[in-house]
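Presented below is the structure to which this report refers.
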Amino acid sequence: MIKDFFLISLKNLKRRGLRSWLTMLGIFIGIAAVVALISLGQGLQGAINAQFEQLGKDKIVIQTKTMGPPGSTTSRNLMLTTKDLDTIRNVMGVDKAEGLLIKNGPLEFKTELKITFVVGLPYAKDRLGGSDLFQIIQGSDIKEGDKFKAIIGNNLAFSDFFKKQIKVGDTIKIENVEFKVTGITKKTGNPFDDNAVFIPKEILKEMLNTGDEESEIIAKTQAGFDPATVAKDIERKLRKERGEKEDQETFSVQTSDQLLQSFSTIFGIVQAVLVGIAAISLLVGGVGIMNTMYTSVLERTKEIGIMKAIGAKNSDILTLFLFESGLLGTFGGLIGIAIGIGLAKGAQYITSAALGSDLLQASLSPLIIFGALAFSFVIGSLSGILPALQASHLKPVDALRYE
(Lines give C-alpha, C1' and ligand atoms only; values in the text may rest on other atoms or scores of the structure.)
Protein backbone atom coordinates (compact mmCIF):
# COMPACT_ATOMS: atom_id res chain seq x y z
CA MET A 1 0.00 0.00 0.00
CA ILE A 2 2.77 2.42 0.95
CA LYS A 3 4.61 1.50 -2.25
CA ASP A 4 1.51 2.41 -4.26
CA PHE A 5 1.23 5.80 -2.49
CA PHE A 6 4.91 6.44 -3.23
CA LEU A 7 4.64 5.54 -6.92
CA ILE A 8 1.46 7.58 -7.45
CA SER A 9 2.97 10.59 -5.66
CA LEU A 10 6.16 10.33 -7.69
CA LYS A 11 4.18 10.13 -10.92
CA ASN A 12 2.17 13.22 -10.02
CA LEU A 13 5.35 15.19 -9.22
CA LYS A 14 6.92 14.17 -12.54
CA ARG A 15 3.78 15.26 -14.36
CA ARG A 16 4.22 18.75 -12.89
CA GLY A 17 7.99 18.77 -13.42
CA LEU A 18 8.73 22.49 -13.73
CA ARG A 19 6.37 23.42 -10.91
CA SER A 20 7.93 20.76 -8.68
CA TRP A 21 11.43 22.10 -9.32
CA LEU A 22 10.37 25.66 -8.61
CA THR A 23 8.62 24.52 -5.43
CA MET A 24 11.75 22.76 -4.20
CA LEU A 25 13.92 25.82 -4.88
CA GLY A 26 13.37 27.42 -1.50
CA ILE A 27 13.94 24.11 0.29
CA PHE A 28 17.27 23.23 -1.27
CA ILE A 29 18.62 26.80 -1.01
CA GLY A 30 17.81 26.82 2.71
CA ILE A 31 19.16 23.33 3.35
CA ALA A 32 22.32 24.09 1.35
CA ALA A 33 23.00 27.22 3.42
CA VAL A 34 22.30 25.45 6.72
CA VAL A 35 24.49 22.42 5.89
CA ALA A 36 27.38 24.60 4.66
CA LEU A 37 27.26 26.97 7.65
CA ILE A 38 26.95 24.23 10.28
CA SER A 39 29.68 22.03 8.77
CA LEU A 40 32.10 24.96 8.41
CA GLY A 41 31.21 26.18 11.89
CA GLN A 42 31.87 22.78 13.47
CA GLY A 43 35.10 22.44 11.53
CA LEU A 44 36.29 25.87 12.66
CA GLN A 45 35.28 25.10 16.24
CA GLY A 46 37.31 21.88 16.10
CA ALA A 47 40.35 23.74 14.78
CA ILE A 48 40.06 26.38 17.52
CA ASN A 49 39.76 23.65 20.15
CA ALA A 50 42.94 22.07 18.80
CA GLN A 51 44.74 25.42 19.05
CA PHE A 52 43.70 25.80 22.69
CA GLU A 53 44.74 22.22 23.43
CA GLN A 54 48.13 23.10 22.00
CA LEU A 55 48.30 26.08 24.36
CA GLY A 56 47.53 23.69 27.21
CA LYS A 57 44.81 23.57 29.86
CA ASP A 58 47.36 24.48 32.52
CA LYS A 59 47.95 27.96 31.06
CA ILE A 60 46.56 31.24 32.41
CA VAL A 61 46.58 34.43 30.32
CA ILE A 62 46.75 37.87 31.96
CA GLN A 63 46.04 40.94 29.81
CA THR A 64 45.06 44.58 30.24
CA LYS A 65 41.42 45.49 29.64
CA THR A 66 41.74 47.54 26.46
CA MET A 67 39.76 47.73 23.22
CA GLY A 68 42.85 47.11 21.09
CA PRO A 69 45.28 44.18 20.90
CA PRO A 70 47.74 43.45 23.74
CA GLY A 71 50.36 46.19 24.03
CA SER A 72 48.18 48.89 22.50
CA THR A 73 47.58 50.80 25.74
CA THR A 74 49.75 53.86 26.43
CA SER A 75 48.36 54.53 29.91
CA ARG A 76 50.80 53.68 32.68
CA ASN A 77 47.88 52.95 35.02
CA LEU A 78 46.51 50.29 32.69
CA MET A 79 49.60 48.46 31.47
CA LEU A 80 51.03 45.35 33.08
CA THR A 81 54.55 45.56 34.52
CA THR A 82 57.46 43.37 35.61
CA LYS A 83 56.22 43.90 39.18
CA ASP A 84 52.94 42.26 38.18
CA LEU A 85 54.94 39.42 36.62
CA ASP A 86 56.87 38.90 39.87
CA THR A 87 53.60 38.94 41.85
CA ILE A 88 52.16 36.25 39.59
CA ARG A 89 55.30 34.09 39.92
CA ASN A 90 54.90 34.14 43.71
CA VAL A 91 51.27 32.96 43.70
CA MET A 92 50.86 29.45 45.08
CA GLY A 93 50.23 26.97 42.29
CA VAL A 94 52.10 28.94 39.61
CA ASP A 95 54.93 26.85 38.21
CA LYS A 96 56.26 29.43 35.77
CA ALA A 97 55.27 32.78 34.28
CA GLU A 98 56.67 34.77 31.36
CA GLY A 99 55.72 38.06 29.73
CA LEU A 100 55.46 39.13 26.10
CA LEU A 101 56.03 42.62 24.75
CA ILE A 102 53.92 43.47 21.67
CA LYS A 103 54.28 46.73 19.75
CA ASN A 104 53.49 48.24 16.37
CA GLY A 105 56.70 49.21 14.66
CA PRO A 106 58.35 50.11 11.35
CA LEU A 107 59.84 47.17 9.47
CA GLU A 108 62.31 47.93 6.67
CA PHE A 109 63.54 45.54 4.00
CA LYS A 110 65.45 46.52 0.82
CA THR A 111 64.55 50.24 1.23
CA GLU A 112 60.83 49.38 1.56
CA LEU A 113 59.14 50.37 4.83
CA LYS A 114 55.99 48.84 6.34
CA ILE A 115 54.29 48.96 9.75
CA THR A 116 53.63 45.63 11.44
CA PHE A 117 53.52 43.89 14.84
CA VAL A 118 56.84 43.33 16.60
CA VAL A 119 56.69 40.72 19.36
CA GLY A 120 59.38 40.55 22.02
CA LEU A 121 59.44 37.10 23.56
CA PRO A 122 61.68 34.99 25.81
CA TYR A 123 64.26 32.68 24.31
CA ALA A 124 63.06 29.23 23.27
CA LYS A 125 64.27 27.46 26.43
CA ASP A 126 62.42 29.93 28.71
CA ARG A 127 59.26 30.13 26.64
CA LEU A 128 56.14 28.55 28.10
CA GLY A 129 55.28 25.56 25.93
CA GLY A 130 58.82 25.59 24.47
CA SER A 131 58.61 26.37 20.76
CA ASP A 132 54.86 25.67 20.49
CA LEU A 133 54.05 29.40 20.34
CA PHE A 134 54.62 28.97 16.60
CA GLN A 135 55.97 26.35 14.22
CA ILE A 136 59.08 27.10 12.21
CA ILE A 137 59.10 25.69 8.68
CA GLN A 138 62.41 27.20 7.58
CA GLY A 139 65.49 28.07 9.61
CA SER A 140 65.70 27.87 13.40
CA ASP A 141 64.31 29.39 16.59
CA ILE A 142 65.94 32.20 18.57
CA LYS A 143 68.42 30.72 21.03
CA GLU A 144 69.94 32.28 24.11
CA GLY A 145 72.67 34.65 23.01
CA ASP A 146 70.98 35.42 19.66
CA LYS A 147 70.56 39.12 20.38
CA PHE A 148 69.88 40.63 16.98
CA LYS A 149 68.12 37.67 15.39
CA ALA A 150 64.48 37.56 14.26
CA ILE A 151 61.80 35.12 13.24
CA ILE A 152 59.30 36.39 10.68
CA GLY A 153 55.66 35.49 10.08
CA ASN A 154 54.75 33.50 6.99
CA ASN A 155 53.25 36.43 5.07
CA LEU A 156 56.50 38.39 5.26
CA ALA A 157 58.26 35.59 3.41
CA PHE A 158 55.69 34.18 1.03
CA SER A 159 53.14 36.92 0.23
CA ASP A 160 53.32 40.33 -1.43
CA PHE A 161 53.75 42.12 1.91
CA PHE A 162 57.06 43.33 0.48
CA LYS A 163 57.89 43.51 -3.21
CA LYS A 164 60.74 41.09 -2.55
CA GLN A 165 60.20 38.09 -0.31
CA ILE A 166 62.32 37.83 2.82
CA LYS A 167 64.45 34.69 3.12
CA VAL A 168 66.33 33.07 5.99
CA GLY A 169 69.66 34.84 6.30
CA ASP A 170 68.36 38.19 5.02
CA THR A 171 68.75 41.37 7.05
CA ILE A 172 65.76 43.46 8.12
CA LYS A 173 65.56 46.69 10.09
CA ILE A 174 63.27 47.38 13.06
CA GLU A 175 63.43 50.94 14.37
CA ASN A 176 66.61 51.30 12.25
CA VAL A 177 68.25 48.38 14.10
CA GLU A 178 69.45 45.51 11.91
CA PHE A 179 68.28 41.95 12.60
CA LYS A 180 69.23 38.74 10.81
CA VAL A 181 66.32 36.46 9.93
CA THR A 182 66.87 33.00 11.42
CA GLY A 183 63.45 31.43 10.87
CA ILE A 184 60.07 31.59 9.11
CA THR A 185 56.86 30.47 10.82
CA LYS A 186 54.16 28.17 9.48
CA LYS A 187 51.08 29.98 8.17
CA THR A 188 48.27 30.08 10.73
CA GLY A 189 45.62 32.12 8.89
CA ASN A 190 45.77 34.69 11.71
CA PRO A 191 46.98 38.03 10.24
CA PHE A 192 48.55 39.02 13.57
CA ASP A 193 50.84 35.97 13.69
CA ASP A 194 51.47 35.75 9.95
CA ASN A 195 52.52 39.41 9.64
CA ALA A 196 54.50 39.63 12.90
CA VAL A 197 58.23 39.74 13.59
CA PHE A 198 59.49 37.92 16.68
CA ILE A 199 62.66 39.13 18.41
CA PRO A 200 64.17 38.74 21.93
CA LYS A 201 62.11 40.67 24.46
CA GLU A 202 65.07 42.28 26.21
CA ILE A 203 66.33 43.69 22.91
CA LEU A 204 62.89 45.18 22.09
CA LYS A 205 62.73 46.74 25.57
CA GLU A 206 66.10 48.41 25.06
CA MET A 207 65.19 49.65 21.57
CA LEU A 208 61.86 51.20 22.60
CA ASN A 209 62.84 52.08 26.17
CA THR A 210 59.64 50.51 27.50
CA GLY A 211 61.08 50.02 30.99
CA ASP A 212 59.22 47.35 32.95
CA GLU A 213 56.17 47.12 30.65
CA GLU A 214 54.67 43.69 29.85
CA SER A 215 51.97 43.50 27.14
CA GLU A 216 50.74 40.04 28.11
CA ILE A 217 51.68 37.52 30.78
CA ILE A 218 51.24 33.76 30.45
CA ALA A 219 51.42 31.58 33.57
CA LYS A 220 51.65 27.82 33.85
CA THR A 221 50.09 26.05 36.83
CA GLN A 222 51.84 23.35 38.80
CA ALA A 223 50.66 19.75 38.47
CA GLY A 224 47.82 18.99 40.86
CA PHE A 225 46.55 22.58 41.04
CA ASP A 226 43.26 23.67 39.50
CA PRO A 227 43.95 26.43 36.92
CA ALA A 228 40.64 28.15 37.72
CA THR A 229 41.51 28.34 41.43
CA VAL A 230 45.03 29.58 40.69
CA ALA A 231 43.57 32.20 38.31
CA LYS A 232 41.34 33.52 41.10
CA ASP A 233 44.36 33.74 43.42
CA ILE A 234 46.32 35.62 40.74
CA GLU A 235 43.44 38.05 40.29
CA ARG A 236 43.17 38.63 44.04
CA LYS A 237 46.94 39.19 44.47
CA LEU A 238 47.16 41.50 41.44
CA ARG A 239 44.15 43.49 42.63
CA LYS A 240 45.81 44.02 46.01
CA GLU A 241 49.22 44.84 44.51
CA ARG A 242 47.73 47.34 42.01
CA GLY A 243 45.35 48.87 44.56
CA GLU A 244 42.19 48.10 42.59
CA LYS A 245 38.72 47.16 43.77
CA GLU A 246 36.86 44.00 42.84
CA ASP A 247 34.95 44.27 39.54
CA GLN A 248 36.94 47.43 38.73
CA GLU A 249 40.16 45.70 37.65
CA THR A 250 42.15 47.14 34.76
CA PHE A 251 43.32 43.64 33.86
CA SER A 252 41.75 40.28 33.02
CA VAL A 253 42.82 36.82 34.17
CA GLN A 254 41.54 33.86 32.17
CA THR A 255 42.40 30.21 31.94
CA SER A 256 42.68 28.62 28.50
CA ASP A 257 39.37 26.83 29.19
CA GLN A 258 37.68 30.15 29.99
CA LEU A 259 39.10 31.73 26.84
CA LEU A 260 37.81 28.80 24.81
CA GLN A 261 34.40 29.00 26.48
CA SER A 262 34.16 32.75 25.79
CA PHE A 263 35.07 32.23 22.15
CA SER A 264 32.66 29.30 21.82
CA THR A 265 29.79 31.36 23.27
CA ILE A 266 30.36 34.27 20.88
CA PHE A 267 30.93 31.95 17.94
CA GLY A 268 27.79 29.96 18.79
CA ILE A 269 25.66 33.13 18.81
CA VAL A 270 27.06 34.25 15.45
CA GLN A 271 26.50 30.82 13.94
CA ALA A 272 22.95 30.63 15.31
CA VAL A 273 22.11 34.00 13.74
CA LEU A 274 23.52 32.93 10.37
CA VAL A 275 21.69 29.59 10.45
CA GLY A 276 18.50 31.42 11.48
CA ILE A 277 18.80 33.71 8.47
CA ALA A 278 19.35 30.68 6.23
CA ALA A 279 16.34 28.96 7.77
CA ILE A 280 14.09 31.78 6.51
CA SER A 281 14.42 30.33 3.02
CA LEU A 282 13.17 27.01 4.44
CA LEU A 283 10.07 28.81 5.66
CA VAL A 284 9.63 30.33 2.21
CA GLY A 285 10.09 26.86 0.74
CA GLY A 286 7.43 25.49 3.05
CA VAL A 287 4.98 28.18 1.96
CA GLY A 288 5.80 27.30 -1.64
CA ILE A 289 5.01 23.64 -1.02
CA MET A 290 1.72 24.59 0.64
CA ASN A 291 0.77 26.79 -2.29
CA THR A 292 1.66 24.06 -4.80
CA MET A 293 -0.38 21.46 -2.91
CA TYR A 294 -3.42 23.76 -2.72
CA THR A 295 -3.16 24.29 -6.47
CA SER A 296 -2.86 20.54 -6.95
CA VAL A 297 -6.01 19.94 -4.91
CA LEU A 298 -7.95 22.35 -7.13
CA GLU A 299 -6.58 20.81 -10.33
CA ARG A 300 -7.33 17.26 -9.21
CA THR A 301 -10.70 17.79 -7.58
CA LYS A 302 -12.48 15.61 -10.14
CA GLU A 303 -9.76 12.95 -9.80
CA ILE A 304 -10.27 12.95 -6.04
CA GLY A 305 -14.01 12.49 -6.56
CA ILE A 306 -13.42 9.47 -8.83
CA MET A 307 -11.04 7.92 -6.29
CA LYS A 308 -13.64 8.34 -3.53
CA ALA A 309 -16.39 7.00 -5.76
CA ILE A 310 -14.50 3.74 -6.28
CA GLY A 311 -13.82 3.27 -2.57
CA ALA A 312 -10.89 5.49 -1.51
CA LYS A 313 -11.16 6.61 2.12
CA ASN A 314 -10.50 10.07 3.49
CA SER A 315 -7.34 8.71 5.10
CA ASP A 316 -6.12 7.41 1.71
CA ILE A 317 -6.51 10.83 0.10
CA LEU A 318 -4.85 12.48 3.10
CA THR A 319 -1.92 10.05 2.98
CA LEU A 320 -1.48 10.50 -0.78
CA PHE A 321 -1.18 14.29 -0.57
CA LEU A 322 1.08 14.10 2.49
CA PHE A 323 3.33 11.72 0.53
CA GLU A 324 3.58 14.24 -2.29
CA SER A 325 4.46 17.17 -0.02
CA GLY A 326 6.90 14.99 1.94
CA LEU A 327 8.62 13.93 -1.29
CA LEU A 328 8.95 17.57 -2.35
CA GLY A 329 10.68 18.33 0.94
CA THR A 330 12.87 15.20 0.77
CA PHE A 331 14.04 15.73 -2.81
CA GLY A 332 14.66 19.40 -2.07
CA GLY A 333 16.65 18.33 1.01
CA LEU A 334 18.78 15.85 -0.95
CA ILE A 335 19.66 18.47 -3.55
CA GLY A 336 20.30 21.05 -0.82
CA ILE A 337 22.62 18.66 1.07
CA ALA A 338 24.64 18.02 -2.09
CA ILE A 339 24.92 21.76 -2.80
CA GLY A 340 25.76 22.48 0.87
CA ILE A 341 28.56 19.91 0.88
CA GLY A 342 29.91 21.43 -2.33
CA LEU A 343 29.80 24.95 -0.86
CA ALA A 344 31.52 23.85 2.36
CA LYS A 345 34.27 21.95 0.55
CA GLY A 346 34.68 24.85 -1.89
CA ALA A 347 35.08 27.34 0.96
CA GLN A 348 37.60 25.02 2.60
CA TYR A 349 39.63 24.72 -0.61
CA ILE A 350 39.53 28.47 -1.39
CA THR A 351 40.55 29.39 2.17
CA SER A 352 43.37 26.86 2.14
CA ALA A 353 44.62 28.11 -1.24
CA ALA A 354 44.31 31.82 -0.37
CA LEU A 355 45.62 31.73 3.21
CA GLY A 356 47.72 28.59 3.12
CA SER A 357 46.03 27.53 6.34
CA ASP A 358 43.90 24.51 7.19
CA LEU A 359 42.11 26.37 9.99
CA LEU A 360 38.79 26.36 8.12
CA GLN A 361 37.70 22.75 7.66
CA ALA A 362 34.31 21.35 6.65
CA SER A 363 33.13 18.88 9.27
CA LEU A 364 30.50 16.73 7.53
CA SER A 365 29.19 14.41 10.21
CA PRO A 366 26.36 11.93 9.48
CA LEU A 367 24.27 13.78 12.08
CA ILE A 368 24.34 16.97 9.96
CA ILE A 369 23.37 15.12 6.76
CA PHE A 370 20.61 12.95 8.20
CA GLY A 371 19.37 15.79 10.40
CA ALA A 372 19.06 18.11 7.39
CA LEU A 373 17.27 15.42 5.39
CA ALA A 374 14.83 14.69 8.22
CA PHE A 375 14.21 18.39 8.72
CA SER A 376 13.43 18.95 5.04
CA PHE A 377 11.01 16.00 5.07
CA VAL A 378 9.24 17.37 8.16
CA ILE A 379 9.00 20.85 6.56
CA GLY A 380 7.50 19.33 3.43
CA SER A 381 5.02 17.15 5.32
CA LEU A 382 3.87 19.92 7.65
CA SER A 383 3.39 22.28 4.70
CA GLY A 384 1.13 19.73 3.04
CA ILE A 385 -1.14 19.04 6.02
CA LEU A 386 -3.75 21.74 5.35
CA PRO A 387 -4.05 21.06 1.59
CA ALA A 388 -4.21 17.30 2.30
CA LEU A 389 -6.99 17.81 4.84
CA GLN A 390 -8.90 19.92 2.33
CA ALA A 391 -8.55 17.20 -0.30
CA SER A 392 -9.61 14.41 2.06
CA HIS A 393 -12.77 16.26 3.16
CA LEU A 394 -14.10 16.82 -0.36
CA LYS A 395 -17.51 15.20 -0.94
CA PRO A 396 -17.48 12.75 -3.88
CA VAL A 397 -20.63 14.23 -5.52
CA ASP A 398 -19.30 17.82 -5.35
CA ALA A 399 -15.87 16.72 -6.54
CA LEU A 400 -17.29 14.86 -9.57
CA ARG A 401 -19.32 17.93 -10.55
CA TYR A 402 -16.27 20.25 -10.29
CA GLU A 403 -15.08 21.67 -13.60
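List the lysines whose Cα lies under 26 Å from the Cα of Lys163, skipping any in the same chain that are fewer than 8 positions away. The reachable lysines, counting only those whose Cα sits under 26 Å from Lys163, are Lys103, Lys110, Lys114, Lys149, Lys173, Lys180, Lys186, Lys187.
Computed from the C-beta positions of Lys240 and Gln135, the FRET efficiency with R₀ = 45 Å rounds to 0.70. Overall, the range 148-260 carries a charge dipole of about 500 debye about its Cα centre when +1 sits on the Cβ of Lys and Arg and -1 on the Cβ of Asp and Glu, all other atoms neutral. With the charge dipole of the range 126-261 set up from +1 on Lys and Arg Cβ and -1 on Asp and Glu Cβ about the Cα centre, the Cα lying farthest toward the positive end among the listed residues Val197, Phe158, Ile234 is that of Phe158. Taken along the Cα-to-beta-carbon direction at a fixed 7 Å, the label points for Phe370 and Gln165 span 4.6 nm. Using R0 = 41 Å, the C-beta based FRET efficiency linking Leu78 and Ile350 works out to 0.55.
When ligands, DNA and RNA are left out and all protein chains stay put, how many square angstrom of accessible area per residue does the range 185-335 have with a 1.4 Å probe? Working shown, then result.
Numbers: 7260 Å² over 151 residues.
About 48 Å² of surface per residue is accessible.
Of the solvent-accessible surface of the range 206-342, computed with a 1.4 Å probe over protein heavy atoms with every protein chain present, carbon and sulfur atoms account for 61 percent. Here's the list of aspartates and glutamates a cross-link from Lys345 could span, going by alpha-carbon distance under 19 Å and ignoring same-chain residues fewer than 8 apart: Asp358.
How long is the gain from Glu249 to Leu386 if the chain were fully straight, where each residue apart is worth 0.36 nm and the alpha carbon distance is subtracted? Walk me through the numbers on the way to the answer.
Details: separation 137, 0.36 × 137 = 49.32 nm, distance 5.95 nm.
That pair, Glu249 and Leu386, stretches by 43.4 nm at full extension.
The slack between Ala228 and Gln258, meaning 0.36 nm per residue of separation minus the straight C-alpha distance, is 9.9 nm. For the range 145-281, the fraction of alpha-carbon pairs lying more than 27 Å apart is 50 percent, rounded to a whole number.
The values are calculated or read from the model by the stated rules, or taken from the named source; none is laboratory data. Worth saying up front: this structure is predicted, and the values here are computed from it rather than measured. Note that each Cβ is placed from the backbone with ideal geometry, even for glycine, and that neighbours are counted across all protein chains shown. Just so you know, the surface numbers come from the protein's heavy atoms only, side chains and all, with ligands and any DNA or RNA stripped out. Shrake-Rupley method; radii C 1.70, N 1.55, O 1.52, S 1.80 Å.
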